[in-house]
Amino acid sequence: MLKFRLYFNKDKAAAWVNRMSQEGWAVQSFGAGLWKFARCAPGEYQYAIDFASGISGPGADYTDFMTGVGVTPVGRWGPWVLLRRPTAPGPFELYTDDATKAAQQRKILTFFKVTCLVELLCFAGLCLAAASPDGEWWMLFVAGFAGVVTLIFAARCFELRDSIAQLENSGTAGGAALQSRKRGLLCLAIGLVCTLSGLLLRGAAVPEGISGFLMGFGIVTELFAAVLLIRSRP
Amino acid sequence: MAAKDIPLTESVFYILLAVHCPNHGYGIIQQTAERTKGRMQLGPGTLYTALRTLLDKGWIEVYSRETASRRKTEYLITDRGKEVLSQELVRLQEALDNAKTVQEDSTC
């Protein structure tokens, strides 16, 4: 059985895979949101997802170690490794102390920050390409997708930062900072939509000023969002 | 030894205890669970990360590694690791003595 599920949170993905295992479906392979399942006894396995540093994924050392402690690496996609063990009492937790949990989340945060930046650059590049005389319509749709992905990764970065601060007892974002963050993300979304709309309307049967205003307003809103997000740092 | 090495996390403390004799990953997990009467279950991710850190710091070393399969790598505490553990035991003993003194003191 093949299923499509896109997750930006590994713990939520693992929870779903564990629910599937309870229903008698074991993961065989996964990647790019596609999960391949095969029949197993209900609840036969427990799953967890790990983040291994490096684009090439975990080394033989990691795989050997996991196998040695009774955990089987089912597959990997980029730095994400899906692990399983025969069901045992208690949840399958890979990280059981705050220090190693925080260290692992820091690695994920760095990866998400880089991904977020790359998506943002893609968005900007595609917007510029679409605005050029040779611009194509599809560029705007891809730019819109990149914008949405940027927002999702930005939100995940904030979640992870809070989680790390909590694990390290250094406090999480307070009420005012949280409010500033929500407004920042909202402004960023509005800014991205306005910029894209302005580009979409260029050359259409609307006055040139309207598309120019939308693009300008979008850029100003994005800058304002950046200020709000910087201010929301704990 | 750097001052920031102490206090040890509970995971590192029990890992160092478990490698006083050559021990492998599964053995460390089992021994820690037994010593803490099941209270502490070392997760494989935590153990892997901690072992890599301890190897980097020179507190433990690889004692043996099966040639056919590297799955049974055994680790052993080094002299440097023993020194850190001793420092931690001094700190814990001091905390315990202070707690006992306060508990036995009935002046307030």
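The values are calculated or read from the model by the stated rules, or taken from the named source; none is laboratory data. All figures in this text were calculated on a predicted structure; none of them were measured in a lab. Neighbour counts are summed over all protein chains in view; Cβ atoms, including those assigned to glycine, are modelled from backbone coordinates with ideal geometry. For accessibility, only protein heavy atoms count, side chains too; no ligands or nucleic acids. Shrake-Rupley method; radii C 1.70, N 1.55, O 1.52, S 1.80 Å.
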- Charge dipole magnitude, Cβ of K and R +1, D and E -1 - the protein assembly as shown, Cα centre, debye nearest 20: 740 debye
- Note on the structure: Sorted by chain and then number, the residues having a modelled amide H within less than 5 Å of the amide H of residue B:60, at least 5 places away or on another chain, are B:55, B:78
- Note on the structure: Note: the range A:1-124, point scatterers on Cα, Debye, no solvent; log10 I/I(0) at q = 0.10 Å⁻¹ equals -0.33
- Query: Per the Kirkwood treatment, what hydrodynamic radius in Å, one decimal, follows for chain B from the mean inverse distance over all distinct Cα pairs?
  - Reply: 15.2 Å
- Scalar couplings 3J(HN,Hα) for the range A:4-20 by Karplus 6.51 cos²θ - 1.76 cosθ + 1.60 (θ = phi - 60°), nearest whole Hz, x for Gly and Pro, are 10, 9, 9, 10, 10, 10, 5, 5, 5, 5, 5, 4, 5, 4, 5, 5, 5
- Task: Under a cut-off of 12 Å between alpha-carbon atoms, report the aspartates and glutamates in cross-link reach of residue A:101, not counting same-chain residues fewer than 8 places apart.
- Result: A:50, A:93, A:168
- Message: Along the Cα→Cβ direction, 7 angstrom out, place labels at residue B:17 and residue B:33. What is the inter-label distance in nm?
- Response: 1.6 nm
- For the range B:1-45, residues shielded by at least 10 square angstrom of accessible area compared with the chain on its own, probe 1.4 Å: B:9, B:11, B:25, B:26, B:29, B:41, B:43, B:44, B:45
- Helix A:137-167 versus the longest principal axis of chain A: what angle, 0 to 90°, nearest 10, using Cα atoms? 50 degrees
- Note on the structure: Treating only Lys and Arg (+1) and Asp and Glu (-1) as charged, each at its beta carbon, one finds that chain B has a dipole about its Cα centre, in Debye to the nearest 20, of 540 debye
- Taking H as built 1.01 Å from N, whose amide H comes closer than 5 Å to the amide H of residue B:43, not counting residues under 5 places away? A:96
- Convex hull of chain A built on C-alpha atoms - directionally averaged projected area, nm²: 15.7 nm²
- So who's got an amide H within less than 5 Å of the one on residue A:74, skipping anything under 5 residues away but keeping other chains? H placed 1.01 Å off N, in plane. A:82, A:83, A:84
